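**Q** Starting off with a structure, shown below.
The values are calculated or read from the model by the stated rules, or taken from the named source; none is laboratory data. Because the structure is a prediction, the values reported are computed rather than measured. For neighbour counting, all protein chains shown are included, and Cβ atoms are generated from backbone atoms with ideal geometry for every residue, glycine included. Ligands, DNA and RNA are stripped out before the accessible areas are found, and what is left, the full protein with its side chains, is counted by its heavy atoms. Shrake-Rupley method; radii C 1.70, N 1.55, O 1.52, S 1.80 Å.
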Amino acid sequence: MASNIILIGFMGSGKSSIGRRLASLTGFKFTDTDDLVVEKTGMPITEIFSKHDEEHFRSLETEVLHSLKDASGIVLATGGGLALREENRPLLKQIGTVVWLDASADALFERVSRNNRRPLLLTENPRETFDNLLAFRNSIYEALCDIRIDSTALNHERTAQAVLDALTQIGK
Ligand code: S3P
């Protein structure tokens, strides 16, 4: 069987929507680390951040990732900060082919501004917070990924197809 597909990238990069499309195109099972954390704790992510803290959430993400080490036939959408923990990076590589869904800062910000489900952006100046986080994280995504897809000008359908084409190109 072809390798699992792991989607990384910033909030708003479309990991869940594109992941679902990829799952239906490949027959793989769609899995989302945020959903697994919510299932595990019975709490929405905003509540995990408010009752505990970011570090606690990151530990839950790492636990969830360990539980996927032997998974096969999955498309895995990851939370935008999951790649921050160094110990998660080799795990991601072990689980599957890592695809970075990238887009321009303006496109990402426009997408994340549609709702306030992202606790990290509930600050006095969300755009500044966003820009700082993005600048720091992009270098991590870049170093980690096997494939980078820029979805700025693509809809979900075309982005999913671009991911599949790129996977074929590298023989995955
Ligand atoms: C986070 C991204 C969110 C979620 C949490 C923290 C981050 O997932 O895991 O709010 O640190 O970037 P999405 O990338 O799916 O929005």
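**Q** Residue check, residue 86 against (1) at pLDDT 95 or above; (2) of a type outside the set (Lys, Arg); (3) part of a helix (DSSP H, G or I), all met but one. Which one?
**A** It is condition (3) that residue 86 fails.
**Q** Okay, moving on. Does residue 2 meet the test of being assigned to a loop (DSSP other than H, G, I, E, B) and either in contact (Cβ under 8 Å) with a residue 40 or more places away in the chain or more than 23 Å from residue 111 (Cβ to Cβ) (or both)?
**A** yes
**Q** Can you name every residue in the stretch 26-71 that is in contact with a Phe, Trp or Tyr (Cβ under 9 Å, 6 or more places away or on another chain) and of a type in the set (A, V, I, L, M)?
**A** Answer for the stretch 26-71, where residues must be in contact with a Phe, Trp or Tyr (Cβ under 9 Å, 6 or more places away or on another chain) and of a type in the set (A, V, I, L, M): 37, 45, 48.
**Q** Same structure, new question: For the stretch 89-127, enumerate the residues that are among the acidic types (Asp, Glu) and part of a helix (DSSP H, G or I).
**A** 106, 110
**Q** Also, I was wondering about something else. Would you confirm whether any residue within the stretch 54-76 is of a type outside the set (S, T, N, Q), within 16 Å of residue 159 (Cα to Cα) and either within 12 Å of the ligand (Cβ to nearest atom) or within 15 Å of the chain's Cα centre (by Cα) (or both)?
**A** yes
**Q** From the list 61, 128, pick out the single residue that is touching a helix residue (DSSP H, G or I) at 6+ places or on another chain (Cβ under 9 Å) and charged (D, E, K, R).
**A** The conditions single out 61.
**Q** Would you confirm whether any residue within the stretch 129-142 is modelled with pLDDT under 95 and within 18 Å of the chain's Cα centre (by Cα)?
**A** No - not one qualifying residue is present in the stretch 129-142.
**Q** For residue 26, indicate whether it is out of contact with any Leu (no Cβ under 7 Å at 6 or more places or on another chain) and β-branched (Val, Ile, Thr).
**A** Considered against the rule, which asks whether it is out of contact with any Leu (no Cβ under 7 Å at 6 or more places or on another chain) and β-branched (Val, Ile, Thr), residue 26 comes out as yes.
**Q** Evaluate the following for residue 35: is it farther than 18 Å from residue 84 by Cα, among the acidic types (Asp, Glu) and not in a helix (DSSP H, G or I)?
**A** When the stated conditions are applied, residue 35 does not pass them.
**Q** With over 14 Å from the mean Cα position of the chain (by Cα) and closer than 17 Å to residue 172 by Cβ as the only criterion, which of 2, 107 stands out?
**A** The match here is 2.
**Q** May I ask you to list pairs of residues, at least six apart or on different chains, whose Cβ atoms are under 7 Å apart, with the first in the stretch 16-33 being touching a residue at least 60 places away in the same chain (Cβ under 8 Å) and near the ligand (Cβ under 10 Å from one of its atoms) and the second being open to solvent by less than 40 Å² (accessible area, probe 1.4 Å) and among the acidic types (Asp, Glu)?
**A** Once the first residue is touching a residue at least 60 places away in the same chain (Cβ under 8 Å) and near the ligand (Cβ under 10 Å from one of its atoms) and sits in the stretch 16-33, its partners that are open to solvent by less than 40 Å² (accessible area, probe 1.4 Å) and among the acidic types (Asp, Glu) give 16/32.
**Q** Listed residues 49, 57; which is aromatic (Phe, Trp, Tyr) and surrounded by fewer than 18 Cβ atoms within 10 Å (Cβ to Cβ)?
**A** Of the residues listed, the single one that is aromatic (Phe, Trp, Tyr) and surrounded by fewer than 18 Cβ atoms within 10 Å (Cβ to Cβ) is 49.
**Q** Could I ask something else about it? Which residue out of 42, 96 is touching a residue at least 24 places away in the same chain (Cβ under 8 Å) and either away from the ligand (no atom under 11 Å from the Cβ) or among the small types (Gly, Ala, Ser) (or both)?
**A** Going through 42, 96 in turn, the sole match is 96.
**Q** Turning to a different aspect of this structure: Being open to solvent by 70 Å² or more (accessible area, probe 1.4 Å) and within 21 Å of residue 57 (Cβ to Cβ) is the filter; apply it to the stretch 99-137 and report the residue that is nearest to the ligand (Cβ to nearest atom).
**A** My answer is 117.
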